[in-house]
Amino acid sequence: MTTITSPTATIDPFAPGVPASAWRFLNHLNPLTKIAAVLPAIVLLVFVRDMVTPLIFIVLAYVLILTGTRITAKIAALLFLAVPIGIVAVGFGFSLWVDAASVDHTAPFLQIGGWTLFTGALQVGCASALRIAAILALALIGGLTTTGPDLARAGIQQLHIPYRIGYTALAAYRFVPRFNYELSVIRAAHRVRGHHRGRGPFAAMARGWGYIVPLLASAIRHAERVALAMDARAFGAYPTRTERHIVPFRMRDVVFIVAFIAASAVIFALTYPWLAV
């Protein structure tokens, strides 16, 4: 059987990716859609003081992520191990900073000598940790299903950001994997030459300092080549440009925004008064 690969994907590593499965709807949405849908809920969650509201949003975000995109083992570990452990650790840490005088009317949870941790302080800490986790979970809806190049293209095409700014950001985004490659080459060259041998934190700092100058020189050379290539193609000479990759905004994007904002409004309405401290 012969496998046919897309020539665009071979030539341009930043071409929009094709989702592995058509029913994973989050991958088919415009990047701006996922931001616009969750942004009102993220803003309002800052003012929430109860534990039920952020917990519901965490469940909602998890359901969308699990049904709307393909997750790897690393992402599954983040969702089901790192986030719960972080909630417990951050919640307990926040509870230690709560003024004991404001919660001393609640039952004691932990006593060590003359120090007492009240259940009221623990509730405040858990509510703060759940609020942070809910904001993170909502941000992951777009973060796990959107690439930087697609977000830049969507900003140029839908928000009409000047393409000089948008594609400059896209070029900067391309620097990141290149720097990783350049750093691996520099490390290999230093190992071959026997520079900065040794173990321990001071040896690691010395090796890191030795990487700075060649990495900076490589960055300057690469930036110069990119600038010359952009000038040769008359980049920025015209007010508009023809887009090679279109990131469309379709009716499904409108439906998702309206549905998510409506669901968020229902959740906030059912858990009212969520502004009470």
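Within the range 3-20, is even one residue closer than 27 Å to PHE268 by Cβ, modelled with pLDDT under 90 and either in the same structural domain as VAL255 (by TED's automatic domain parsing) or over 18 Å from the mean Cα position of the chain (by Cα) (or both)? Checked the range 3-20: no residue is closer than 27 Å to PHE268 by Cβ, modelled with pLDDT under 90 and either in the same structural domain as VAL255 (by TED's automatic domain parsing) or over 18 Å from the mean Cα position of the chain (by Cα) (or both). Just for the range 237-277: of the residues that are within 20 Å of ILE58 (Cβ to Cβ) and hydroxyl-bearing (Ser, Thr, Tyr), which one is modelled with the highest pLDDT? That would be SER264.
Tell me, which residue of the range 65-103 that is among the hydroxyl-bearing types (Ser, Thr, Tyr) and touching a helix residue (DSSP H, G or I) at 6+ places or on another chain (Cβ under 9 Å) is farthest from GLN123 (Cα to Cα)? Only one residue tops the list, namely THR69. The criterion of at least 3 residues that are surrounded by 17 or more Cβ atoms within 10 Å (Cβ to Cβ) is met by the following helices (runs of 4 or more DSSP H) wholly inside the range 32-101: 52-68, 83-95. Condition check for PHE25 on (1) over 16 Å from ILE135 (Cβ atoms); (2) within 18 Å of the chain's Cα centre (by Cα): one failure, at (2). Candidates are the residues of the range 166-188 that are of a type in the set (A, V, I, L, M) and without any contact (Cβ under 8 Å) to a residue 24 or more places away in the chain; the one that is farthest from ALA217 (Cα to Cα) is ALA169.
The values are calculated or read from the model by the stated rules, or taken from the named source; none is laboratory data. Only a predicted model underlies this, so the values are computations on that prediction, with no experimental measurement involved. Cβ coordinates were reconstructed from backbone atoms using ideal geometry, including for glycine residues, and neighbour counts include every protein chain displayed.
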